[in-house]
Each structure stands twice: as C-alpha cells, then as structure tokens.
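Just below is one structure, and these are the notes that go with it.
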C-alpha cells in the first residue's frame with residue numbers, strides 16, 4: 001500500500017475552551033474528518049499522532065487530561081495506529097517511520113494542528129526521509145504569533161507556512177484536491 005494519512009494533534013486543547021485554542025480549528029477538524037473518511041473508504045491506512053507535554057512548565061496536552069485526548073470527530077478506529085509524541089516532529093522517538101515502512105507507505109497526506117509547529121516540522125521530516133508529501137491546507141489550523149514586538153495574525157502565519165511548505169516539501173492544496 002503506497003498511501004497513508006497522517007493526522008497530527010487533533011486534540012481537545014486546540015479547540016474552543018481548550019488550553020491552547022487555535023484559530024480555525026473547528027473548520028479544519030470538519031475537513032480533516034472528511035479526509036479521514038475518504039481514506040477509510042478507500043482502504044488506506046490512517047495513522048493518528050497525538051502530543052503530550054511532560055515538562056514542568058507545560059500548560060496544555062498534559063498526560064491524562066481531557067485536553068490531551070483526540071477529538072471525537074476524528075477518533076481512531078480500533079485497527080488504526082495511534083502514536084504519542086513528546087516533540088513537535090511526529091517522527092522523533094515515536095516509531096512512525098517503522099510503522100509507515102510496515103504499511104508500505106511512500107506517499108503521505110498530512111492534516112492536523114498547529115500548522116506552524118507540529119505540522120510544519122513533521123512534513124519537513126517526512127520529506128527529508130524521502131516520502132512524497134501532500135498537505136491538506138484546509139484541514140489544519142494555527143494561531144497568531146509575535147516577534148520583535150509585532151503581532152502576526154493567524155491567517156498570515158497559516159499562509160506563510162503553507163506557502164513555504166508548498167515551495168519544496170509538499171503538495172499543498174485543499175483536501176478535496178488531494
């Protein structure tokens with residue numbers, strides 16, 4: 001099997017009422033859910049990656065909390081792989097590369113949260129490992145950032161990271177086109 005879907009960090013803390021709310025998370029989750037459904041109907045593997053923060057200063061994705069749980073709309077099926085990561089990169093110390101090798105996956109489609117952090121890092125890592133990558137632009141979300149005393153709106157953060165990934169690392173397009 002060549003294709004696999006990688007669902008990154010679609011967890012409660014990124015949604016309204018969560019400890020690290022992202023802009024556009026609810027809309028992105030709906031699109032990600034449709035993408036998950038398409039992969040399942042096609043008999044293609046869906047791999048879920050979830051984040052836990054274990055550092056003393058951590059404020060979200062705390063182990064054992066409801067905020068760290070995967071959202072119901074994209075809940076893994078019993079036969080789907082679920083990996084837990086402690087770093088932004090979904091490949092770092094998770095066994096993801098080995099699991100994809102076991103599945104025979106060479107083409108990866110990504111969706112999930114935060115575009116500027118875990119999605120970006122994971123797509124780049126996959127590219128560096130020789131995978132053919134696609135990213136569903138409308139199935140991921142991010143948040144506003146600040147640098148040098150300047151606030152960068154979430155919509156601009158999203159556009160910049162999607163544009164950068166699309167230059168070399170992945171085919172970036174709406175989920176319906178992937």
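In the set (1) outside any helix (DSSP H, G or I); (2) surrounded by fewer than 21 Cβ atoms within 10 Å (Cβ to Cβ); (3) at pLDDT 95 or above; (4) over 12 Å from the mean Cα position of the chain (by Cα), residue 56 fails one condition alone, (3). Listed conditions (1) within 17 Å of residue 89 (Cα to Cα); (2) in contact with a helix residue (DSSP H, G or I) (Cβ under 9 Å, 6 or more places away or on another chain) are all met by residue 136, apart from (1). In the set (1) over 21 Å from residue 137 (Cα atoms); (2) surrounded by fewer than 20 Cβ atoms within 10 Å (Cβ to Cβ); (3) in contact with a helix residue (DSSP H, G or I) (Cβ under 6 Å, 6 or more places away or on another chain), the condition left unmet by residue 23 is number (1).
One line per residue, one yes/no per condition, for (1) in contact with a helix residue (DSSP H, G or I) (Cβ under 9 Å, 6 or more places away or on another chain); (2) outside any strand (DSSP E or B); (3) under 18 Å from residue 60 (Cα atoms):
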| position | (1), (2), (3) |
| --- | --- |
| 87 | yes, yes, yes |
| 92 | yes, yes, no |
| 101 | no, yes, no |
| 105 | yes, yes, no |
| 130 | no, yes, no |
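Contact map, the stretch 111-132: first residue touching a residue at least 40 places away in the same chain (Cβ under 8 Å) and on the phi > 0 side of the Ramachandran plot, second residue crowded, with 18+ Cβ neighbours inside 10 Å and not in a helix (DSSP H, G or I), Cβ cut-off under 7 Å, separation 6 or more or different chains; pairs are 112/7; 112/8; 112/9; 112/10; 112/140.
The values are calculated or read from the model by the stated rules, or taken from the named source; none is laboratory data. The model shown is predicted, which means the values in this text are computed figures rather than measured ones. Because the Cβ atoms are built from the backbone with ideal geometry, glycine has one as well, and the counts that use them run over all protein chains shown.
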